[in-house]
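Chemist: I'd like to ask some things about the structure below.
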Amino acid sequence: MSRARERRERVLEHLTELHRLPLGGAPDPVFRERLRADLVSGRVSAEFPPDEPARFRHAHRRPARRGPLLSQLAAFGLSAAMMAASFVTYQAVPGDSLYPLKRAAESALVGLSTNDAARAERELRSAKTRAEEVVSLLGSSDGGPLVGKTLKDMEESTRAGVSRLRRAEPRSPKIKKFARHQKEVVGPMLRQLRRDQLAQAEGYLDYIEGLVAPG
């Protein structure tokens, strides 16, 4: 006898025994134990056997509707994760493990700019970000050694952006606006800097003062 036929015979046997019970009656302990043993051993299965006609198997199947929903949820979850990762990366400061990724993303955006004016604005935006990072480093207990390097990167981005913007848009008001912003950020940090860092920051302020001056 095939395994499928054996399963079918056992199911019919159990159903017959249950059918003989009076209404409200319960199966005897021997029957319950035998049924439990059959279920555990896999000799009784609720699935249709392989030799059952296909029309009966398909008739009892529910249409799979969860596929598109699960795909949408997965896509949403991936998008949310990417947004969260981008946010965390953007918040990184010098010394963080994600900081090199942040700088690489900034460089990529500068390189992908469509013209010199857009490239210059991205470089000036990077200079603003470096100034904000210096403020964060000064507020932490272990950020001191990285302050000098960040000040240097800030000045390099500033000079590159200003030079490029002057070529693309001579006498652009964006330069003075940028210089005023940087002065407001860098000025208050002077009293927290070490002597060598202080010289860097004061030299930077002298440079941007010249950008604000009339002329």
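The values are calculated or read from the model by the stated rules, or taken from the named source; none is laboratory data. The structure displayed is predicted, hence computed values, not measured ones. Because the Cβ atoms are built from the backbone with ideal geometry, glycine has one as well, and the counts that use them run over all protein chains shown.
Chemist: Would you mind stating whether residue 105 is in a loop (DSSP other than H, G, I, E, B), touching a helix residue (DSSP H, G or I) at 6+ places or on another chain (Cβ under 8 Å) and more than 23 Å from residue 208 (Cβ to Cβ)?
Modeler: So residue 105 fails the test.
Chemist: State all residues of segment 86-117 that are of a type in the set (A, V, I, L, M) and modelled with pLDDT under 95; if no residue qualifies, say none.
Modeler: Result: 88, 92, 93, 98, 101, 104, 105, 108, 109, 110, 112.
Chemist: Only one of 150, 158, 129 is modelled with pLDDT of 95 or more and in contact with a Pro (Cβ under 7 Å, 6 or more places away or on another chain). Can you tell me which?
Modeler: Step by step, each of 150, 158, 129 is checked, and only 150 is modelled with pLDDT of 95 or more and in contact with a Pro (Cβ under 7 Å, 6 or more places away or on another chain).
Chemist: I'd like to verify a number: residues in segment 141-167 that are outside any helix (DSSP H, G or I) and either touching a Phe, Trp or Tyr at 6+ places or on another chain (Cβ under 8 Å) or in contact (Cβ under 8 Å) with a residue 12 or more places away in the chain (or both), how many?
Modeler: 2
Chemist: Looking at 203, 210, which one is under 25 Å from residue 145 (Cβ atoms) and assigned to a helix (DSSP H, G or I)?
Modeler: Unique residue meeting the criteria: 203.
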